[in-house]
Amino acid sequence: MAAALPLAVLVLLLLGPVGRGHAEPPRDTLREELVITPLPSGDVAATFQFRTRWDSDLQREEVSHYRLFPKALGQLISKYSLRELHLSFTQGFWRTRYWGPPFLQAPSGAELWVWFQDSVTDVDKSWKELSNVLSGIFCASLNFIDSTNTVTPTASFKPLGLANGTDHSFLRYAVLPREVVCTENLTPWKKLLPCSSKAGLSVLLKADRLFHTSYHSQAVHIRPVCRNARCTSISWELRQTLSVVYDAFVTAQGKKDWSLFRMFSRTLTEPCPLASESRVYVDITSYNQDNETLEVNPPPTTTYQDVTLGTRKTYAIYDLLDMAVINSSRNLNLQLKWKSPPENGYVHYQPAQDRLQPHLLEMLIQLPANSATKVSIQFERALLKWTEYTPDPNHGFYISPSVLSALVPSVVAAKPVDWEESPLFKTLFPASDSSSHFVRLYTEPLLVNLPTPDFSMPYNVICLTCTVVAVCYGSFYNLLTRTFHIEEPSTGGLAKRLANLIRRARGVPPL
Amino acid sequence: MVAACLFSKGLTLLAGLLLFSFGSLAASQIEDQAEHFFRSGHTNNWAVLVCTSRFWFNYRHVANTLSVYRSVKRLGIPDSHIVLMLADDMACNPRNPKPATVFSHKNMELNVYGDDVEVDYRSYEVTVENFLRVLTGRIPPSTPRSKRLLSDDRSNILIYMTGHGGNGFLKFQDSEEITNIELADAFEQMWQKRRYNELLFIIDTCQGASMYERFYSPNIMALASSQVGEDSLSHQPDPAIGVHLMDRYTFYVLEFLEEINPASQTNMNDLFQVCPRSLCVSTPGHRTDLFQRDPKNVLITDFFGSVRKVEITTETISLQPDLEIVESRYKKDWMDEELMEPLKYAEQLPVAQIIHQKPKLKDWHPPGGFILGLWALIIMVFFKTYGIKHMKFIF
């Protein structure tokens, strides 16, 4: 009796499809999600995920009807007997130190890794053909993938989906670091989405904003997953992810206030009619660095708390399928503002002007207990005019010491002071408050070595130059401009005749 | 007697009238046939747009190509019929102050890159070999469809090339050149394989007219931006982007094409007048001797537009969310008694398994080729020297 019941059910099942005349087409569902995470450095990260789950076993059935799952990828899976496919295009690098851990990081350039089914005989041939087909679909130079940049990892890159046995000879991995990501790669990626860029979260995907970012990564992941909790049958899951990080200084001029319009130049208007779930999650775990709190506008109706990537995080949820979220204005523009507590400090800074006035910096700060506070100021050394140097410039120049005026809390409360009765050392500073006393401290002066010219150099230069000019140039000048005359010997004058007379008298030859 | 004369006169008049009417009918038929001969008989349009220059300062060549791409798409040729080859990426270049844009007019008036661009050959794929393979159809079998020129003998093809060129050659990516003879031969191969009906070749480089001097295949019309010995000049720089945005000839061609719509009747003679010497500084040239039709009968949309049959329907289809699908799926699964054991996900980092796995030995193949020959030679020499009786020591 107990056995007859499942048997009857089985018989019904067999008769059912036959009776109807054709099998019911497998069902597919779409879930879309956007996670907005303000990062510790003031930037903001947005991660889109579009997941299409298709309850069909492509290996056993001949599929001809495609609804949400894109036909281009479905045909790839059946033709090349794929078990898993992961393809990503990235521009930039995820800076874990400033931004925290990523959800899913990808290497810069293009990365493709594929698990083939056990039934494939020539894996390398299928791999080459697959990369050519993908280069046509995504308008990328994936056809440059060949044996020179393909490896077969033996220990890592285990399948991310369902697997029964992992023989690594069916795995291939290749990276093209020189690959550029631009609108021509985003356009076919967007066309694979069921709602294309017309409705739902994909309305925000505008190329001119998405590429003005520090990090842009778009990926396609195909893998088999469990269809139900007991995991007795397979569904195919297609995930399209896109992560971008907007730079606070480039996009928001240094302010840390973000909104959907500032990031994407669009707002959300309606959910995708084909999606069964369409949500925006905003990370509202506040960071306690600067004592600032995060305020999200419009305020969320539900929140979600969980441990993500090792830390406990709180997310505000905006469900686009909920009528209350997209209100009568048909427009959802999320705004994130950082609210800092009111400051009770004072800063006055007067920069120096050359040869007119010095720097003046005054700050009123509240020092926390049991702590060390360091105040530093940077300055540049300038070159003085040669008359401004002292006769001993190598001694250096002095910078005046800093002054610290503080109200130090007293350990013991002091009595109010009468100026004429008390000793002189108690009345240096007027004391207004008995719980703290006033103190003024000075730091050491600073001796700075300015760049000192060699003052003997002008004399040396003049001497050398003049010598060179005189010797070299003067010689040439003389050689070139001296003319030689032939002089007729003069026949004589009176002085000459007189001289000749005297010479004849001496016995010396005449002139 | 008089009646017979009158009768015969009337008969001749009637005969004359009949002959005249037949003659005029025949003449109009001939005229119809003649007019039909002057109209182009193409059934599909293709475009091959090539930019051959690399590096940021050659921004204008990419902008040239993209502006022709934009016009051609606007006038109706779909992406599947356009092969776009860009040798470098300007839009997402780190030096571009406005990422994902390529402008053709200064003050950023017109973004020719757009949101819907599909580049088929990019970066290092733009080579002379790939270009000639696309034209002649001799591509490796695994090339995807978007990278092929699948034209037939009723296709009108527009080929636009821009870059740096000289007398008789065009430079590809600073590392190789294509000569005018190679180009002419490629077109002849296309003609012999009946890969085009009519071909319009436009080139915007220095000394561009030299590239069409050597064509010898029929039905080719060519335009160039400058004559041999002249340089093609660039149009205007944009101070925000820092480079010249377009070349003059293509700038004025773009302005001319912006006024064309898919139904316009403008003909090729207007395109020949597009950039006079006063605007272009160089003298644009054209060549129509290989073309069978008269250029004044050739419409601009014969090459820049597309022949398409469109049927307009007033039926409306409404999309409704299929909420009942979700419930029926779960019910079906519950009834589905699969007789398999449950599947599980793979462990991402099974340390123990990794440590103890042996490295797979590569399949051993017996030595072949050179090594086999070398060993055979050594063994032969050994036995020749020492005699065959030593073989017993081996076996």
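Just so it is clear, none of the values below were taken in a lab; they were calculated from the coordinates. If you're wondering where the values come from, they're calculated on a predicted model, not measured in any experiment. Note that each Cβ is placed from the backbone with ideal geometry, even for glycine, and that neighbours are counted across all protein chains shown.
Computed values, structure above
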item	result
Packing-based order for B:212-218, B:86-92, using average beta carbon neighbours within 10 Å, highest first	B:86-92, B:212-218
Stokes-Einstein D (µm²/s) once Rh is taken as the Kirkwood radius of chain A over alpha-carbon pairs, at 4 °C in 1.567 mPa s	40 µm²/s
A:LYS385, A:LYS374 arranged by Cβ crowding within 10 Å, fewest neighbours leading	A:LYS374, A:LYS385
Point-to-point label distance, A:LEU450-A:GLN366, nm (Cα→Cβ direction, 7 Å offset)	4.2 nm
Under-5 Å amide H pairs with B:GLY168, H placed in peptide plane, nonlocal only	B:SER210, B:MET211
Rel. contact order, % - alpha carbon contacts under 8 angstrom, at least six apart, segment B:44-304	21 percent
C-alpha center-to-center spacing [segment B:178-230, segment B:79-129] in angstrom	24 Å
Two-site label geometry, B:SER318 and A:THR390: point separation in nm, points 7 Å out along Cα→Cβ	9.2 nm
Kirkwood hydrodynamic radius of segment A:125-177, Cα pairs, Å	12.3 Å
10 Å Cβ neighbours from other chains, averaged over peptide A:203-211	4
Chain A: Cys lacking any partner C-beta under 4.7 angstrom	A:CYS139, A:CYS463, A:CYS466, A:CYS472
Farthest toward positive dipole pole in the protein assembly as shown [+1 Lys/Arg, -1 Asp/Glu at C-beta], among A:LEU39, B:ALA352, A:THR311	B:ALA352
Relative exposure of B:ILE312, B:ILE260, B:ILE379, judged by other C-beta atoms within 10 Å (fewest first)	B:ILE312, B:ILE379, B:ILE260
Over segment B:151-198, relative contact order from alpha-carbon pairs under 8 Å, at least 6 apart, %	55 percent
Relative contact order for chain A, counting Cα pairs under 8 Å that sit 6 or more residues apart, in percent	12 percent
Alpha-carbon spread of segment B:44-304, three principal axes, descending order, Å	48, 46, 38
Average projection area in nm² (convex hull over Cα atoms of the protein assembly as shown, one quarter of hull surface)	115.1 nm²
Average beta carbon contacts from partner chains per residue of A:159-165, 10 Å cutoff	3
Area projected by the alpha carbon convex hull of segment B:127-252, averaged over all directions, nm²	9.0 nm²
Where labels lie 7 Å past Cα in the beta-carbon direction, separation of B:LEU299 and A:SER119 in nm	5.1 nm
Peptide B:118-129, shielding by other chains (average Cβ, 10 Å cutoff)	4
For B:SER234, residues with placed amide H under 5 Å, excluding near neighbours	B:ARG248
Footprinting exposure proxy for B:VAL381, A:VAL244 (fewest neighbouring C-beta atoms within 10 Å first)	B:VAL381, A:VAL244
Contour excess over end-to-end distance, with Cα ends at B:GLN357 and B:LEU14 and 0.36 nm allotted per residue	112.7 nm
Rounded to 10°, Cα long-axis angle of helix A:4-20 versus longest principal axis of chain A	70 degrees
Radius ratio Rg over Rh of segment A:331-425, counting only Cα atoms, Kirkwood formula for Rh	1.16
Farthest toward positive dipole pole in the protein assembly as shown [+1 Lys/Arg, -1 Asp/Glu at C-beta], among B:HIS235, A:ALA199, B:TYR386	B:TYR386
Cα long-axis angle, helix A:71-80 against chain A (0 to 90 degrees, to the nearest 10)	80 degrees
